[in-house]
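One structure below.
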Amino acid sequence: MATIVPPPSKRQCIAVAEKAREQQDIDSIPDNLGSIRVQFYDQATGQSSGAPVSIPVADATVKNLELLLNTLQRNDSSERIPYRFTYRSDIGQSNLHNTLDISSDLYHSLLKPGLKTTEDSISLQYTPQAVFRVRAVSRCSSSIPGHGEAILATSFSPSSSSRLVTGSGDNTARIFDCDTGTPMYTLKDHTSWVLVVSWSPDDTTIATGSMDNTVRLWDPKTGKALGAPLKGHTKWVNGLAWEPYHLQTLGRPRLASSSKDATVRIWDVVSKQIETVLSGHKGSVSCVRWGGTGRIYTSSQDKTVKVWDATKGTLIHTLSSHAHWVNHLALSTDFVLRTAYHDHTGEIPPTEEGKIAKAKERFEKAATINNQIVERLVTASDDFTIFLWEPSTSTKPLARLMGHQKQVNHVIFSPDGLYIASSGFDNHVKLWNARDGKFITTLRGHVGAVYMSCFSPDSRLLVSGSKDCTLKVWDVRTGKLKEDLPGHKDEVYAVDWSPDGGKVASGGKDKAVRIWRH
């Protein structure tokens, strides 16, 4: 016999109504508070957008502030720019702390907590959000078989969502045409699992790293190997990072590879020779990143993160706050470094100099805060914690991000550099403020370990892949589940959102590549 849930008691009904009434009181803004003076400052340059403006407190919502700022900047209504606002009392100083996001309106953010009064003049910093908007993927457009073992890595081309490369435990990498949902080429020369794949920022070369201790280079247009394998590592290769496009010597791109043999090797891609060996770690190097300011960042199972000078090959800093293996690291500029001169407009400069200039301009725009180039670093560890660093100024972490109940497997910055997402074995994804490391929210919904997550190019959405065989798409602003994407028959190890925002690709233990679109 079915169990019927009893109707709520009178006491429960009263409690629910009371709570709803309190919530309504909280959300409303008193209309008898008069006006408040607000002055806007550009977060990147520190320049003000004009004299202070008097705004009625009742109307000082984020939406109205956005309209006002667009009007002050004389932006046409058809080209209105969305903004994020933050309050900081020490505008003009280099200190980046003690900042507060204005989430809904000035009353609830500043006046009600007593930080400011209507007598004060409020200085607000603004940051433009992506002008384009990415729609949430909601359906699987193709499920492409072909791999003989689990898919361990996946990456879209930096130029479009049409091409994808995957690495697998069947010793091959494959290039797929995502528009037709068909395999294009099988990259066959590795003799063991392909653990990592990476496109060069100019979209002309694919690098693969394998458990056979080698790195191989491939032409994505033909699927042919570019010369012999890069040999030198004595254990498997588990990380790859291309030299940022704006730092490359013309025609001589370089590639860094990290390995279980505790070293990082920098390769001249043209001559296939080792330029430098970065040795100093005492355990497997789990991740490598090549920053836009000429530094290489490495994380290791020896509990440390090291910062290297990419030109001299010398050690600059050792960051040692973690108490266990460091599993992953990410840079606040990862997205612009990955895409170089490719952006949402699709316009590519005709000359090599133009491409370098555009890549440099995009990097500097993404990294500039208060007229300083700031490249931040976030690290995830088996000690259940995450650390936020700014290695150019200090070897001490800016913040310790705690809250995960198990190992943290993966971290990533949003493309606009404002959020951090962390994926853990406790079945949760957590969102953090990338400026001060403050906790924002926990994205709950997965019922198995979350292996990795990836932001949409406009930073408004996040997709996560899990041991529970699903992907989930989250709304970053609200922290709510936007789309549940079942379909995989087993664990989802790898996921990527195309840089143009059009598609999501995923792969895992069921050996099938799935392409998702809206």
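The values are calculated or read from the model by the stated rules, or taken from the named source; none is laboratory data. Since the model is a prediction, treat every value here as computed from it, not as a measurement. With ideal geometry, Cβ positions are generated from the backbone for all residues, glycine too; neighbour counts draw on all protein chains shown. Note: areas computed on protein heavy atoms with side chains; ligands, DNA, RNA excluded. Shrake-Rupley method; radii C 1.70, N 1.55, O 1.52, S 1.80 Å.
Data table
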read-out: For region 203-251, size of Cβ-based charge dipole, Lys and Arg +1, Asp and Glu -1, in debye; value: 160
read-out: Whole-number accessible area per residue in Å² for region 136-213, which is evaluated in the context of all protein chains at 1.4 Å; value: 33
read-out: Formal net charge of residues neighbouring K503 (Cβ-Cβ distance under 14 Å; K, R +1; D, E -1); value: 0
read-out: Accessible surface, region 457-518, averaged per residue in Å² (probe 1.4 Å); value: 33
read-out: For the chain, size of Cβ-based charge dipole, Lys and Arg +1, Asp and Glu -1, in debye; value: 880
read-out: Integer Hz, Karplus 6.51/-1.76/1.60 couplings in order for region 324-329, x for Gly and Pro; value: 8, 3, 9, 8, 7, 9
read-out: Percent carbon-and-sulfur accessible area, the chain, ignoring ligands, DNA and RNA, probe 1.4 Å; value: 50
read-out: Rounded accessible area of C13 (nearest 10 Å², 1.4 Å probe); value: 70
read-out: Contact order relative to length of the chain, as percent, for alpha carbon pairs under 8 angstrom and 6 or more apart; value: 12
read-out: Proximal charge balance of K355 [Cβ under 13 Å; K/R count +1, D/E count -1]; value: -4
read-out: Neighbourhood charge, 9 Å Cβ-Cβ cut-off, centred on L401 and excluding it, Lys, Arg +1 and Asp, Glu -1; value: +3
read-out: Dipole in debye (nearest 20) - region 333-491, about Cα centre, beta carbon charges: Lys, Arg +1; Asp, Glu -1; value: 420
read-out: Computed accessible area, D59, all protein chains, 1.4 angstrom probe, square angstrom; value: 80
read-out: Theoretical gain in end-to-end length, S28 to S141 [0.36 nm per residue, Cα-Cα removed]; value: 36.3 nm
read-out: Using θ = phi - 60° and Karplus 6.51 cos²θ - 1.76 cosθ + 1.60, couplings along region 476-488 (whole Hz; Gly, Pro as x); value: 5, 5, 9, x, 9, 6, 9, 9, 9, 10, x, x, 5
read-out: Relative contact order of region 58-211, defined on C-alpha pairs under 8 angstrom at six or more residues apart (%); value: 15
read-out: Per residue solvent-accessible surface (Å²) - region 242-359, probe of 1.4 Å; value: 40
read-out: Other-chain or far-sequence residues with amide H under 5 Å of T214's (modelled H); value: V237
read-out: For volume of the Cα convex hull per residue in Å³, calculated from these coordinates, the label among (i) 139; (ii) 178; (iii) 254; value: (ii)
read-out: Accessible area, probe 1.4 Å, largest first, for residues R139, R460; value: R139, R460
read-out: Pairs beyond 23 Å (Cα-Cα), from K188/K467; K235/K511; K282/K306; K231/K509; K365/K430; value: K188/K467; K235/K511; K231/K509; K365/K430
read-out: Alpha-carbon centroid distance for the pair region 342-391 / region 457-514, whole angstrom; value: 24
read-out: Where R88, R514 fall by accessible area, highest first, once all protein chains stay in place (1.4 Å); value: R514, R88
read-out: Computed accessible area, V264, all protein chains, 1.4 angstrom probe, square angstrom; value: 0
read-out: Reciprocal mean inverse distance between Cα atoms of region 247-351 - Kirkwood radius, Å; value: 14.8
read-out: Relative packing of 369-376, 112-119, 248-255, which averages over residues the other C-beta atoms within 10 Å, highest first; value: 369-376, 248-255, 112-119
read-out: Other-chain or far-sequence residues with amide H under 5 Å of Q39's (modelled H); value: V53, I122, S123, L124
read-out: Pairwise centroid distance, computed over Cα atoms, of region 212-244 with region 412-427, Å; value: 28
read-out: Rough spin-label spacing in nm, given labels placed 7 Å along Cα→Cβ, for S394 and L115; value: 2.0
